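Novice: Sending over a structure as structure tokens; questions will come in a sec.
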Amino acid sequence: MNARIVLLPGDGIGPEVVAEAVQVLDAVCDLYAHEFEYAERQIGGAAIDTTGTALPDETLADCQSTDAVLLGAVGGPKWSDPSATVRPEQGLLGMRKGLGLYANLRPVRVYDELVDSSSIKAETIAGVDLLVVRELTGGIYFGARQEGTQTAYDTMIYSAAEVRRIARVAFEAAMKRKKKVASVDKANVLASSRLWRRVVEEVAADYPEVSLEHMLVDSAAMKLIRYPAEFDVIVTSNMFGDILTDEASMLSGSLGMLPSASLGGGKLGMYEPVHGSAPDIAGNNLANPIGTIMSAAMLLRTSLGLDSEAHAVEEAVEDVLSRGYRTADIANPDDKRVGTIEMGDLIVEALQRRKDAQ
Ligand code: NAD
């Protein structure tokens, strides 16, 4: 197939990890006879430096008319003055809004080879394979607010339509997984959560094969650490999702391993690793590119419909890990330590070997 992908390398380690993911996408093209055209555009601090804005009009316009977007990371100490009016994160928020990306999907898997890399006991995290579906464009981050010197307030507002569309994303995902949804809210206190619960129930009626459990967010935060392997799909609102996705990311041992997808109504999606620009290791060939490479696998599957190619990339990553190769963030003393570039090369080689063996 022919597809066009906009690359937004961004700041810090962003360009390093995106380069490895592109190498993997190129290998997919060669091995499976596809043609991907790339357009590299600016976002974040790099865009501020050259254009004065974190999301140049040209970047957003190009992303609106493409098949998929692959992003590295934005931000860094150079642009971190809290009083600045132009900040790198505005690039991300502008992309979510401009592309209508209301669903953020973060799969968290604990690889058998890496169970000892997590700060949580190996027996607790063995077999973890869950997906957090976070609502991204509504809720308390977007409600009316007022900030005075003595009082301040924020408003958590959800419409039934917003809840319905994110619930559908979660149930559709569950149908392709273990058919379990945990809907996380705070319905014992919040009116918006009671609406959330009612609408999720309505959507659940269309998916009789999927089991639904409602969970209060405080209890979900506890269970995620105590019994993480019992979860399949978690669906939740913007703020609860913000917190729970960071908590869930720690199950895997390193932020560098985790991919994400932000989706809207159609096929277009933005794919990016969960981590930030890691200025402490940028430019030293130390970054783990696996989160970005797995994001590219999500791109292949979700925006381009190339399921077996996505699966091949995921298997190639597992193959390399099972042969003991690790970047510094996931390495134990006995592992074979490699840098960003070498890890990318190893994954490409594993893809090629897998194809040759077919
Ligand atoms: P971070 O994710 O950049 O780094 C946290 C820690 O994890 C650091 O020690 C870093 O070295 C390590 N790390 C992260 N990714 C890694 C990888 N791929 N391989 C190996 N180690 C990795 O978070 P932070 O330090 O809080 O933020 C740094 C900058 O990134 C800030 O400017 C922040 O605003 C920005 N940020 C951007 C995004 C994004 O672009 N989506 C997300 C989070 C933070």
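The values are calculated or read from the model by the stated rules, or taken from the named source; none is laboratory data. In this text the structure is predicted, and so the values were computed from the model without any measurement. Because the Cβ atoms are built from the backbone with ideal geometry, glycine has one as well, and the counts that use them run over all protein chains shown. With ligands, DNA and RNA removed, areas are computed over all heavy atoms of the protein, side chains included. Shrake-Rupley method; radii C 1.70, N 1.55, O 1.52, S 1.80 Å.
Novice: Please list, or write none, the aspartates and glutamates whose alpha carbon is within less than 19 Å of the alpha carbon of LYS97, excluding same-chain residues fewer than 8 places away.
Specialist: Those aspartates and glutamates meeting the cut-off are ASP57, GLU58, ASP62, ASP67, GLU89, GLU135, GLU162, ASP242, GLU272.
Novice: What lysines sit close enough to LYS186 to cross-link, taking a C-alpha to C-alpha distance under 16 Å and skipping anything fewer than 8 places away on the same chain?
Specialist: Candidates past the 8-residue exclusion: LYS223.
Novice: Now for a separate question. Report the full-extension gain for the segment ASP345 to ALA191: residue separation times 0.36 nm, less the Cα-Cα distance, to one decimal in nm. Working shown, then result.
Specialist: Numbers: separation 154, 0.36 × 154 = 55.44 nm, distance 5.14 nm.
Gain on stretching ASP345 to ALA191: 50.3 nm.
Novice: Quick one: dipole size for the range 7-59, taken about the Cα centre, charges +1 on Lys/Arg Cβ and -1 on Asp/Glu Cβ, in debye to the nearest 20. Kindly include the intermediate steps, with their values, before the conclusion.
Specialist: On the way: 1 positive and 11 negative charges, 27 e Å.
Rounded to the nearest 20 debye, it is 140 debye.
Novice: Viscosity 0.890 mPa s, temperature 25 °C: give me the Stokes-Einstein translational D for the range 118-252 in µm²/s, with Rh taken as the Kirkwood radius over C-alpha pairs.
Specialist: On the way: Rh = 15.5 Å.
Result for D is 159 µm²/s.
Novice: With only alpha-carbon pairs counted, each pair once and no self-pairs, how large is the Kirkwood hydrodynamic radius of the range 1-54 in angstroms?
Specialist: Answer for the range 1-54: a Kirkwood hydrodynamic radius of 12.2 Å.
Novice: For the range 57-141, how big is Rg over Rh, using alpha carbon atoms and the Kirkwood form of Rh?
Specialist: Numbers: Rg = 17.6 Å, Rh = 16.2 Å.
Checking Rg against Rh, the ratio lands at 1.09.
Novice: For ASP154 and GLU37, FRET efficiency with R0 = 35 Å and r from the beta-carbon atoms, rounded to 0.05? Let's see the in-between values first.
Specialist: Details: r = 43 Å, r/R0 = 1.22.
E(calc), rounded to 0.05, equals 0.25.
Novice: Could I ask something else about it? Using Cα positions and a limit of under 12 Å, work out the aspartates and glutamates in reach of LYS78, with same-chain residues fewer than 8 apart set aside.
Specialist: Output for LYS78: ASP11, ASP49.
Novice: If you average 1/r over every pair of different alpha-carbon atoms in the chain and take one over that average, what Kirkwood value in Å do you get? Numbers along the way, then the final one.
Specialist: On the way: mean 1/r = 0.0476 Å⁻¹.
Hydrodynamic radius (Kirkwood, Cα only) of the chain equals 21.0 Å.
Novice: Could you point to the residue in VAL274, ALA174, GLN23 farthest towards the positive end of the chain's charge dipole, with +1 and -1 charges on the Cβ of Lys/Arg and Asp/Glu respectively?
Specialist: Positive-end residue among those listed: ALA174.
Novice: Nearest 0.05, what FRET efficiency do LEU93 and ARG168 give at R0 = 30 Å with Cβ-Cβ as r? Write down the numbers at each step before the final one.
Specialist: Values: r = 24 Å, r/R0 = 0.79.
Step by step, r from the Cβ atoms, then E = 0.80.
Novice: Right, next: How many Å² of accessible area per residue for the range 118-252, probe 1.4 Å? Walk me through the numbers on the way to the answer.
Specialist: Numbers: 6550 Å² over 135 residues.
So the range 118-252 comes to 49 Å² accessible per residue, rounded to a whole number.
Novice: Restricted to Cα positions, what overall size does the range 245-330 have along the principal axes? Three whole-Å values, descending.
Specialist: 37, 28, 26
Novice: Follow-up. Place a +1 charge on the Cβ of each Lys and Arg in the range 45-134 and a -1 charge on the Cβ of each Asp and Glu, then give the dipole magnitude about the Cα centre in debye, rounded to the nearest 20. Write out the running numbers ahead of the final one.
Specialist: On the way: 8 positive and 12 negative charges, 72 e Å.
Its charge dipole is roughly 340 debye.
Novice: I've got another one for you. In the range 118-252, carbon and sulfur make up what percent of the accessible area (probe 1.4 Å)? Before the final figure, lay out each step's value.
Specialist: On the way: 3560 of 6550 Å².
In the range 118-252, the share of accessible area belonging to carbon and sulfur is 54 percent.
Novice: On full extension of the chain, what length is gained from VAL86 through ASP242, given 0.36 nm per residue of separation minus the C-alpha to C-alpha distance? Don't skip to the answer; put the middle values down first.
Specialist: On the way: separation 156, 0.36 × 156 = 56.16 nm, distance 2.26 nm.
Result for the pair: 53.9 nm of gain on full extension.
Novice: Please give the per residue accessible area of the range 27-74, computed with a probe of 1.4 Å over protein heavy atoms only, in Å².
Specialist: Numbers: 2060 Å² over 48 residues.
Solvent-accessible surface per residue comes out at 43 Å².
Novice: Set the Förster radius R0 to 22 Å, insert the Cβ-Cβ distance between ASP129 and GLN358 as r into 1/(1 + (r/R0)^6), and round the FRET efficiency to 0.05.
Specialist: Values: r = 25 Å, r/R0 = 1.15.
Rounded to the nearest 0.05, the efficiency is 0.30.
Novice: Of the candidates ASP334, ASP246, ASP280, which one comes out as most mobile in a Gaussian network treatment of the chain with C-alpha springs shorter than 10 Å?
Specialist: ASP334
Novice: Next question, about the same structure. What distance in nm separates the simple spin-label points at ASP30 and GLU202, each placed 7 Å from Cα in the Cβ direction?
Specialist: Calculated label separation equals 5.2 nm.
Novice: Compute from the Cα atoms of the range 154-201 the Rg and the Dmax, the latter being the longest Cα-Cα distance, and quote both in angstrom.
Specialist: Values for the range 154-201 (Cα only, Rg and Dmax): 11.5, 37 Å.
Novice: Follow-up question, since we're still on this one. Might you report the magnitude of the Cβ-based charge dipole of the range 118-252 about its Cα centre, with Lys and Arg at +1 and Asp and Glu at -1, to the nearest 20 debye? It would help to have the intermediate numbers written out before the result.
Specialist: Numbers: 17 positive and 19 negative charges, 41 e Å.
Charge dipole of the range 118-252: 200 debye, to the nearest 20.
Novice: A further question on this structure: In nanometres, what is the gap between the two model label sites at ASP307 and LYS176, each 7 Å from Cα along Cα-to-Cβ?
Specialist: 0.8 nm
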